[in-house]
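Accompanying notes for the structure given below.
The values are calculated or read from the model by the stated rules, or taken from the named source; none is laboratory data. Because the structure is a prediction, the values reported are computed rather than measured. Note that each Cβ is placed from the backbone with ideal geometry, even for glycine, and that neighbours are counted across all protein chains shown.
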Amino acid sequence: MSENSVIESIKSGDEAELGKIYQKYRMEFISWVVKNYSCTIDEAKDVYQLAIVIFYENIISGRLVEMTSSIKSYLFAIGKNKMLEQKKLANKYTYNLDGTMNMIHEEEDSKEMAEKEEKTFKMVENCLNLLGDPCKKLLELYYYQRKSMPEITEILGYKNADTAKNQKYKCMKRLKKIFEKKTLNVV
Amino acid sequence: MENEIRDIALIEQYLEGKLTTEELEEFEVRLQNDELFKKLFDQEETLIAGIRYTGRKGILDKLEAMEEKLPKIDLEKPSEGKVVPMRRRTYLIAIAASIALLLVTVFVLNKPTNSEVLFAKHFTPYQNLITSNTRGEVTIKELKELAFLAYDQENYTEAISNFEKLPQEQKNEDIFLYLGNAYLAVGKTEEAIQNFSKVLEEKGDFQNQGRWFLALAYLKQGETQKATLAFEKLVEDGSSYGKRAAEVLKEMR
């Protein structure tokens with residue numbers, strides 16, 4: 001299978017194909033990271049899984065349509081960027097595109113913030129599970145996979161894109177309700 | 001109710017980076033002044049980030065389940081972790097930022113149409129890019145993609161190195177604009193100024209953006225006179241940056 005047809009089948013929802021890619025470069029990628037960035041095998045595995053997930057997200061969202069470099073060099077480039085990012089922590093200031101300055105929090109601060117954030121996200125995850133399908137599926141298709149309404153209409157078999165859009169609004173509203181209730185219970 | 005639907009649609013457009021500069025300003029002013037709107041915004045943002053987190057986690061869980069069934073990797077000399085360890089948690093959370101990042105991403109991604117054609121036309125094969133470890137050879141088009149990829153991931157040093165490797169004739173005004181921004185982001189103001197000046201020399205579609213960032217770079221360098229001139233020009237031209245330029249001018253006094 002050519003690399004571009006691999007992309008196409010992943011885009012159409014073939015997760016087994018993603019699994020094949022995962023296995024294909026796993027050994028090489030992980031030993032490369034371990035060797036070049038002095039980290040443990042487990043850490044390298046994490047980076048590899050992240051690279052695969054970013055690759056996947058770029059395909060399903062339509063950002064990556066056609067492979068102009070090889071899948072391998074694409075994955076390695078993401079891995080390299082991520083490792084450099086880790087090292088970049090010393091750099092405290094970055095600029096936004098609009099020229100405003102962005103202050104990255106001190107490491108401790110950001111750790112605390114990250115923990116808080118994760119707690120919130122986990123709660124959203126619980127709420128989504130309570131909500132169940134088709135709402136959960138619909139919201140994931142729209143916000144995570146960034147599918148268009150016509151695409152979602154087809155995947156979930158709605159009458160038309162307007163129905164799907166309406167449904168999305170209702171699902172979001174229900175999610176909000178559940179989330180609000182949960183937040184109140186926790187506090 | 002009607003209003004809420006409209007506001008939610010507006011917030012989504014904002015998060016997707018689809019608002020025009022004017023709408024964006026209006027949006028931000030409203031966020032500051034309208035408490036209810038701010039509350040709605042925070043809620044939407046949290047839920048969307050949470051949905052993305054859930055989606056990403058779903059894929060990661062599947063990968064991990066597969067990983068556990070695969071033969072263990074046993075390298076000859078497993079090394080000690082020296083780099084800041086990258087735990088799974090960290091990058092699951094990293095997705096939250098992707099919402100804020102989207103503004104930048106969309107801006108970058110909407111651009112290549114014109115340049116993609118250019119690239120196909122000027123296709124010069126085989127330039128070595130990736131370090132000695134991957135022996136793949138990389139074309140100009142890939143180089144540009146990698147540069148934007150790095151830029152997207154806020155890895156500006158890497159983006160600069162890739163942009164700079166592009167042959168001279170491939171560097172058009174949008175490359176200069178992004179390159180300038182990347183330089184500005186890592187604090188290399190002099191190089192940033194050079195690139196923004198080139199944007200202005202091109203007299204193309206990015207005049208206002210180029211001037212705005214040039215002015216900011218001058219400002220950073222302490223060249224207030226030059227910065228003032230550039231900001232004033234933005235105000236005079238009635239550009240979309242005029243309002244912000246006027247604000248900066250006011251603050252400079």
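Of note:
- Scanning the stretch A:117-135 for residues that are more than 10 Å from every other protein chain (Cβ to nearest Cβ) and charged (D, E, K, R) gives A:LYS119, A:ASP133.
- The stretch A:59-73 - residue that is at pLDDT 85 or above and more than 7 Å from chain B (Cβ to nearest Cβ) and, of those, surrounded by the fewest Cβ atoms within 10 Å (Cβ to Cβ): A:ILE71
- Residue that is nearest to the other protein chains (Cβ to nearest Cβ), among those in the stretch B:158-204 that are more than 25 Å from A:GLY79 (Cα to Cα) and touching a residue at least 40 places away in the same chain (Cβ under 8 Å): B:ASP174
- Scanning the stretch A:4-15 for residues that are loosely packed, with under 15 Cβ neighbours inside 10 Å and more than 21 Å from B:ASP61 (Cα to Cα) gives A:ASN4, A:SER5.
- Residue match in the stretch A:93-107 (condition: in a helix (DSSP H, G or I), modelled with pLDDT under 70, more than 21 Å from the chain's Cα centre (by Cα) and among the acidic types (Asp, Glu)): yes
- The residues listed here are A:THR163, A:THR153; of these, the one that is crowded, with 19+ Cβ neighbours inside 10 Å and over 21 Å from the mean Cα position of the chain (by Cα) is A:THR153.
- The stretch B:210-253, residues that are assigned to a loop (DSSP other than H, G, I, E, B) and touching a residue at least 40 places away in the same chain (Cβ under 8 Å): B:SER240, B:TYR241
- Subset of the stretch A:16-58 [facing another protein chain (nearest Cβ under 7 Å), closer than 30 Å to A:GLU154 by Cβ and surrounded by fewer than 18 Cβ atoms within 10 Å (Cβ to Cβ)]: A:GLY19
- Condition met for A:LYS137 (assigned to a helix (DSSP H, G or I), surrounded by fewer than 18 Cβ atoms within 10 Å (Cβ to Cβ) and at negative phi): yes
- In the set (1) under 22 Å from B:GLU16 (Cβ atoms); (2) surrounded by 19 or more Cβ atoms within 10 Å (Cβ to Cβ), the condition left unmet by A:CYS127 is number (1).
- Qualifying position, being buried (at least 24 other Cβ atoms within 10 Å of the Cβ) and either among the polar types (S, T, N, Q) or at pLDDT below 85 (or both), among B:ASN195, B:ASN208: B:ASN195
- Residues of the stretch B:145-157 that turn out to be buried (at least 24 other Cβ atoms within 10 Å of the Cβ) and more than 9 Å from every other protein chain (Cβ to nearest Cβ), as a count: 2
- The lone exception for B:GLU236 - which of (1) buried (at least 16 other Cβ atoms within 10 Å of the Cβ); (2) under 20 Å from B:GLU22 (Cα atoms) it fails: (1)
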